[in-house]
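Down below is the structure, laid out as structure tokens.
Throughout, read-outs are computed from the coordinates displayed, never taken from laboratory work. Remember, it's a predicted structure, so these values are computed and weren't measured experimentally. We place every Cβ from the backbone using ideal geometry, glycine too, and count neighbours over all the protein chains shown.
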Amino acid sequence: MPEPIIEIRDLCVDYVTDSGPVRAIDRLNLVVESGEVLGIAGESGSGKTTLAKALLRILPPPAVITGGEVIFKGRDILAMDDEELRRMRWREISMVFQSAMDALNPVISVGEQITDTLLAHDECSAEEARERAGKLLDLVGIPRDRLGSYAHQLSGGMRQRVGIAIALAMRPSVVILDEPTTALDVIVEREILERIRELQREFGFAVIFITHDLARMLQVSDRVAVFYAARLVEVGPAGELRGAPRHPYTEGLLQAFPSVKPGGREPKSIPGQPASLVNPPSGCRFHPRCERAIEICPKEEPGPTEIGPGHVAACHLAK
Ligand SMILES: Nc1ncnc2c1ncn2[C@@H]1O[C@H](COP(=O)(O)OP(=O)(O)OP(=O)(O)O)[C@@H](O)[C@H]1O
Ligand SMILES: [Mg+2]
């Protein structure tokens, strides 16, 4: 049986705005298993980045974690003090940011940025740190002689690889990748995702892989969780979600991307606009856009229904 490495229980995150709190993560229950690739999918604004930053406790105001627990190796991250957080971040859980390509410091060489990370968290000498920085560049497929390069001397794909090298530097047990490849062309994207998958198999860390591209995610993930308007609507093995999605929103997301098979069907977009978080629809939040909504859908919020082993959907039609 896979062991959970992170257990998220009833997590709630609000953004406190002038017009009142906006709940961006609503009563989330989700497990990340050791060594798995867990994909997180959902339209723009569904709460993916908020979740990632909540796990590391790096959410800036006006975000407030208003409830729940995030259990990592038996400890609640939400109850950790500053010293425990310092030891957990990067060493145990690291993140490649959505804008990682632009997140590098322009006036410090990439080698120094990697060694700085190592020296800040580890008890190794400057010489060891430099040697390890070279190995990290090798790992992500950048020649070592680029240690002295500055961000502007590297291509977008290379900068993104450096971001991944920095995230892997401390050998964490969980790496969060927030849209790591969206700004790259498809060939570079595929290369980087394949490299991450190889490294993940070699080192055994878990990956939380965030993207709005469900089709791409299904190719690289073991399990996938789908969010709609701050709520988890479906989670299950990637193969099952691809072949037999049980939430109409998951189905809609799948159809919204061109088929990966040559000569496949035309993409079809989900009708309507993403739900407002300020005033979310009653009952099932997806019901105004759902072609299969029935009488109960606007009235009652569907609870999670287990459809098969490890496959759960929150839909009144899922039985
Ligand atoms: N600084 C902020 N102030 C107020 N509300 C915010 C703020 N940042 C995010 N939100 C709210 O939280 C919701 C979730 O935002 P988040 O960035 O987590 O979405 P996302 O799923 O990562 O989207 P994307 O795919 O565009 O990156 C947004 O819809 C927005 O309503
Ligand atoms: Mg985001």
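Here are a few things to note about the model shown:
- Nearest-0.05 FRET efficiency for Val278 and Val107, computed from C-beta distance (R0 45 Å): 0.65
- Cβ charges +1 (Lys, Arg) and -1 (Asp, Glu), total dipole of region 112-187, debye: 200 debye
- Evaluated on region 227-319, the Kirkwood hydrodynamic radius is 14.0 Å, with distances taken between all distinct Cα atoms.
- Share, in percent, of DSSP beta bridges within the chain that are antiparallel, nearest 5: 65 percent
- Entries of Lys48/Lys268; Lys73/Lys268; Lys268/Lys299 with Cα pairs more than 32 Å apart: Lys73/Lys268
- Cα convex hull of region 1-110 - mean projected area over all directions, nm²: 9.1 nm²
- Sorted largest first, the principal axis extents computed over the alpha-carbon atoms of the chain equal 67, 51, 44 Å.
- C-alpha center-to-center spacing [region 146-170, region 68-118] in angstrom: 16 Å
- Estimated FRET transfer efficiency (Asp116, Val64; beta-carbon r; R0 35 Å; 0.05): 0.70
- Placing unit charges on each Cβ (+1 for Lys and Arg, -1 for Asp and Glu) gives region 151-230 a dipole about its Cα centre, and among Gly156, Phe205, Tyr228 the Cα reaching farthest toward its positive end belongs to Phe205.
- Projected over all directions and averaged, the alpha-carbon convex hull of region 47-152 occupies 8.4 nm².
- Full-extension gain in nm, Glu7 to Arg292, via 0.36 nm per residue minus C-alpha separation: 99.4 nm
- Order by protection proxy (mean Cβ within 10 Å, highest first), peptides 57-64, 6-13, 78-85: 6-13, 57-64, 78-85
- Using the average count of surrounding beta-carbon atoms within 10 Å as a protection proxy, the listed peptides 224-230, 122-128 rank, highest first, as 224-230, 122-128.
- Kirkwood Rh, angstrom, region 176-248 [1 / mean 1/r, Cα pairs]: 13.2 Å
- With 0.36 nm allotted per residue and the present C-alpha distance subtracted, the Arg201-Thr182 stretch has 4.6 nm of extension available.
- Taking the inverse of the mean reciprocal distance over all distinct Cα pairs, the Kirkwood hydrodynamic radius of region 160-319 comes to 17.3 Å.
- Computed over region 85-142, the ratio Rg/Rh where both radii use C-alpha atoms and Rh is Kirkwood: 0.96
- Theoretical FRET efficiency, 1/(1+(r/R0)^6), r = Cβ-Cβ of Tyr150 and Val16, R0 25 Å, to 0.05: 0.05
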